[in-house]
Protein chains: 2
Amino acid sequence: MKSNFDNTGILIKKPVAWLSADSTEPQIAISSRIRLARNIANLKFPITSSDNERDYILEIISGACDKVHLFNEKLSFNMSQLSQIERKFLLERHLVSREFCSGNKGSSLFIDSDESFGLMINEEDHLRMQIFSPGIKFKALWENISQKESLLNNEIPFAFDSKLGFLTSCPTNIGTGIRVSAMLSLPALTLSTQINQIIYATGKLGMTVRGLYGEGSEALGYIYQLSNQSTLGENEEEIIGRVGSTVNRMIQHELDARTLLIQNRRDFLSDFIGRSYAIMRHSYLITEKEALNALSAIRMGLDLNMFDSLDMEKVNALFVMVQDAHLQKCLRKELKPPELDAKRAELIRKFLIN
Amino acid sequence: MKSNFDNTGILIKKPVAWLSADSTEPQIAISSRIRLARNIANLKFPITSSDNERDYILEIISGACDKVHLFNEKLSFNMSQLSQIERKFLLERHLVSREFCSGNKGSSLFIDSDESFGLMINEEDHLRMQIFSPGIKFKALWENISQKESLLNNEIPFAFDSKLGFLTSCPTNIGTGIRVSAMLSLPALTLSTQINQIIYATGKLGMTVRGLYGEGSEALGYIYQLSNQSTLGENEEEIIGRVGSTVNRMIQHELDARTLLIQNRRDFLSDFIGRSYAIMRHSYLITEKEALNALSAIRMGLDLNMFDSLDMEKVNALFVMVQDAHLQKCLRKELKPPELDAKRAELIRKFLIN
């Protein structure tokens with residue numbers, strides 16, 4: 001194995017790929033992602049394999065990636081050699097899953113330096129390919145990732161059953177192994193307490209709604225991840241089509257909720273957004289959760305043209321920077337909660353004054 | 001009776017007498033007050049008297065006031081003819097008690113136009129004389145009010161028992177009938193949760209601590225009223241001396257609590273004051289209670305030189321203006337809570353921007 005160069009240092013200076021403000025539309029659909037789960041045929045799943053077996057899997061995949069030039073500019077991260085802050089840092093950039101952060105031996109992340117494409121090796125499956133884009137671009141993402149998957153498949157025989165499809169560690173991924181997801185900012189639906197009803201309804205449509213960091217996480221910053229529940233019985237295009245139309249419906253619901261708030265509860269809405277800005281601008285202690293929620297409220301305020309001297313780019317940059325690991329990477333030191341909250345507030349105040 | 005000229009219209013344009021910022025000291029001791037309870041000899045107390053008897057009492061006192069020129073420029077308010085907002089307006093200016101706001105027939109308020117001296121007629125007692133000053137000036141107040149009391153006593157025989165002293169409707173006022181009180185702003189003691197302990201301790205010293213509007217009211221804006229509990233067994237000078245030294249001790253406690261907060265919890269303190277300012281500056285819905293609390297936090301921030309472009313005069317003016325009745329008098333209309341909170345927030349935002 002190559003020694004672990006701390007590539008997190010390269011990333012810290014860049015905005016994240018999944019949160020971009022080059023759209024003039026309301027910032028409701030933040031980003032889209034497609035993930036494929038694959039396993040090498042005739043090898044045990046990572047969960048039951050030994051350290052040596054996991055290293056062997058990593059070697060196979062790494063070799064195949066290099067051979068087919070899968071990456072434009074590959075950055076690699078050996079998870080077991082990263083500090084806890086560095087692992088959390090990758091999670092905050094949505095490059096790894098929460099499970100992957102436990103940093104098992106042989107668990108490695110390869111990404112393209114623009115962070116638009118990545119492989120988690122020895123996560124739950126041997127291989128988790130992920131591709132990201134700001135906004136909703138499922139079709140383009142699918143074309144891109146399926147091409148990359150074919151390239152790899154030329155080198156690596158994937159575990160496949162002619163009846164079931166691709167075999168995966170967890171039965172919920174068997175078949176296509178595809179997870180199509182959208183990150184949605186839904187503050188108005190949350191404020192008007194319609195969100196639980198909508199989560200329930202999307203469940204009936206075979207969709208899952210999760211929090212900011214996927215499975216089991218909280219909807220920090222009023223951000224939700226919508227994705228397909230089953231991977232079996234439909235082909236990839238059908239799944240993408242269903243997720244896409246559900247996303248469009250949720251965007252419309254959020255727009256309707258915003259319109260209703262403006263029509264019927266304008267003071268309440270202005271107060272909510274005004275106070276969120278106020279707290280970012282004048283607090284001296286702020287938790288990650290409060291900061292993310294406030295920033296999401298401000299993003300909605302920007303959509304509604306409530307601010308003259310703020311732009312979405314700046315707010316989106318803050319949205320990543322205020323998170324615990326990014327903050328500590330920025331400041332180049334480990335901090336405990338009270339100091340962390342003070343430094344976060346300081347960074348936000350300075351950032352908003354400039 | 002003279003017809004009820006709405007003298008509240010004269011007062012609305014003026015700052016209140018009890019909240020003044022001409023001191024360079026920390027704004028902890030806001031104001032001092034001395035109140036004397038007196039009753040006319042051989043007449044029933046107001047609580048058991050008929051409307052006619054109450055009118056008769058009013059006539060006697062009114063005549064005596066005019067005869068001895070008790071007021072420099074007398075304004076009179078017939079409580080039963082005032083609207084609820086006008087009565088609340090007088091309460092917010094601390095010119096009347098909460099009980100007096102029920103507006104019983106014959107209940108009238110006479111004040112000097114500078115609001116430094118007033119008489120409540122037909123409150124619990126026939127006569128409640130009150131004298132006010134910003135800061136702590138008990139001695140000067142006592143000289144002034146005892147002189148005024150003697151003038152009136154030349155015209156009106158007060159109910160007096162050679163053993164008990166002055167007789168009053170409620171036994172807690174018998175004897176001297178004096179209530180010496182100070183309005184204290186104690187945010188640091190409140191924040192550091194020492195306040196209940198201190199209230200308990202002052203109780204042991206024969207003192208009572210009450211909220212912003214006296215008996216049974218809440219400590220809005222971290223403001224407390226300290227006063228003597230008993231009126232019997234000591235002369236006026238002794239009571240004034242005891243209240244004065246307790247006030248000094250409480251000021252010292254508050255200063256100590258501020259020093260400790262600055263030394264040990266600077267971020268917490270800055271955050272508390274910063275957020276209070278933020279909410280005043282950017283909210284679109286704010287209740288009376290939240291506004292008063294925020295303003296008190298800002299007053300402490302001014303004491304600690306945390307603001308460049310704010311002055312105590314402005315904050316003190318807001319402290320009165322944001323209260324429900326003042327706000328409605330200012331806007332010349334009756335408002336219900338959601339609209340009231342929106343108008344309050346608007347007034348505060350505009351006031352702080354200018």
Query raised in the report: Using modelled backbone amide H atoms (1.01 Å from N, in-plane), which distant-in-sequence or interchain residues come within less than 5 Å of A:GLY135's amide H?
Result: A:SER20, A:SER31, A:SER32
Query - Three-way shape call for the protein assembly as shown based on the alpha-carbon gyration tensor, with the a/c threshold at 1.5 - result: prolate
Requested in this report: Give me the angle, in degrees from 0 to 90, between the Cα long axis of helix B:288-303 and the longest principal axis of the Cα atoms of chain B, rounded to the nearest 10.
Outcome: 70 degrees
Query raised in the report: How far is helix A:337-353 tilted off the main Cα axis of chain A, in degrees rounded to 10, range 0 to 90?
Result: 70 degrees
Query - Filter on A:LYS350/B:LYS350; B:LYS289/B:LYS336; B:LYS74/B:LYS105; A:LYS44/A:LYS329; A:LYS44/A:LYS148; A:LYS14/A:LYS350 - keep pairs with C-alpha separation over 27 Å - result: A:LYS44/A:LYS329
**Report entry** Residues whose placed amide H lies under 5 Å from that of A:ALA219, excluding near-sequence neighbours
**Finding:** A:LEU212
Query raised in the report: What net charge do the residues around B:ILE262 carry, taking every other residue with its C-beta under 14 Å from that of B:ILE262, with Lys and Arg at +1 and Asp and Glu at -1?
Result: -2
Query - Residues in region A:332-347 occluded by at least 40 Å² - accessible area, probe radius 1.4 Å, against chain by itself - result: none
Query - Spherically averaged projected area in nm², based on the convex hull that wraps the Cα atoms of chain A - result: 17.6 nm²
Query raised in the report: How much net charge surrounds B:ASN153 when only the other residues with a Cβ under 13 Å from the Cβ of B:ASN153 are counted, with Lys and Arg +1 and Asp and Glu -1?
Result: +1
Query raised in the report: Once A and B are treated as a pair rather than alone, how much accessible area drops out, both sides summed, in Å² to 100, probe 1.4 Å?
Result: 1400 Å²
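With a sphere of radius 10 Å drawn around the Cβ of B:SER181, what net charge do the other residues whose Cβ falls strictly inside it have (Lys, Arg +1; Asp, Glu -1)?
+4
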Report summary line: Applied in sequence order to region A:64-80, the curve 6.51 cos²θ - 1.76 cosθ + 1.60 (Karplus, θ = phi - 60°) yields integer Hz couplings, x standing for Gly and Pro, of 4, 4, 5, 4, 8, 6, 5, 10, 6, 9, 7, 10, 10, 9, 8, 4, 6
Requested in this report: Could you state how much accessible area A:THR208 has, in square angstrom rounded to the nearest 10, with a 1.4 Å probe and all protein chains kept in place?
Outcome: 30 Å²
Requested in this report: Could you go through region A:242-249 in sequence order and give the Karplus-derived ³J(HN,Hα) for each residue, using 6.51 cos²θ - 1.76 cosθ + 1.60 with θ = phi - 60°, rounded to whole Hz, and x for Gly and Pro?
Outcome: 5, 4, x, 6, 5, 4, 4, 5
Query raised in the report: So what are the ³J(HN,Hα) numbers for region B:173-184, from phi and the Karplus equation (6.51, -1.76, 1.60; θ = phi - 60°), rounded to whole Hz, Gly and Pro as x?
Result: 10, 4, x, 7, x, 9, 10, 9, 9, 10, 9, 10
**Report entry** A:HIS282 accessible area, 1.4 Å probe, all protein chains in place, Å² to nearest 10
**Finding:** 30 Å²
Query raised in the report: By its C-alpha gyration tensor, with a ≥ b ≥ c as the square roots of the eigenvalues, how is region B:202-354 shaped: rounded for a/c under 1.5, else prolate for a/b larger than b/c, else oblate?
Result: oblate
Report task. Within region B:161-212, list the trypsin sites (Lys or Arg not before Pro) lying in a DSSP loop whose Cβ has at most 15 other Cβ atoms in a 10 Å radius. Result -> B:LYS163
Query raised in the report: List the trypsin sites (Lys or Arg not before Pro) in region A:257-312 that DSSP assigns to loop (not H, G, I, E or B) and whose Cβ has at most 16 other Cβ atoms within 10 Å. Which are they?
Result: A:ARG265
**Report entry** Highest-MSF residue in chain B out of B:ASN305, B:ASN316, B:ASN122 [GNM, Cα springs under 10 Å]
**Finding:** B:ASN305
Report summary line: What helix-only [θ] at 222 nm does chain A give? Using -39500 (n - 2.57) per DSSP H run of at least 4, over all residues, to the nearest 500, the answer is -14500 deg cm²/dmol
Query - Folded to 0 to 90 degrees: helix A:195-204 orientation relative to chain A principal axis, Cα - result: 30 degrees
Query raised in the report: So how far, in whole Å, is the C-alpha centre of region A:128-179 from the one of region B:304-318?
Result: 62 Å
Query - Mean-position separation - Cα centroids, region A:28-83 and region A:220-276, in angstrom - result: 32 Å
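The values are calculated or read from the model by the stated rules, or taken from the named source; none is laboratory data. Computed from a predicted model, the values in this text were never measured in an experiment. Here the Cβ is made from the backbone with ideal geometry for all residues, glycine too, and neighbour counts use every protein chain on show. Please note that ligands, DNA and RNA were not included when accessible areas were found on the heavy atoms of the full protein model with its side chains. Shrake-Rupley method; radii C 1.70, N 1.55, O 1.52, S 1.80 Å.
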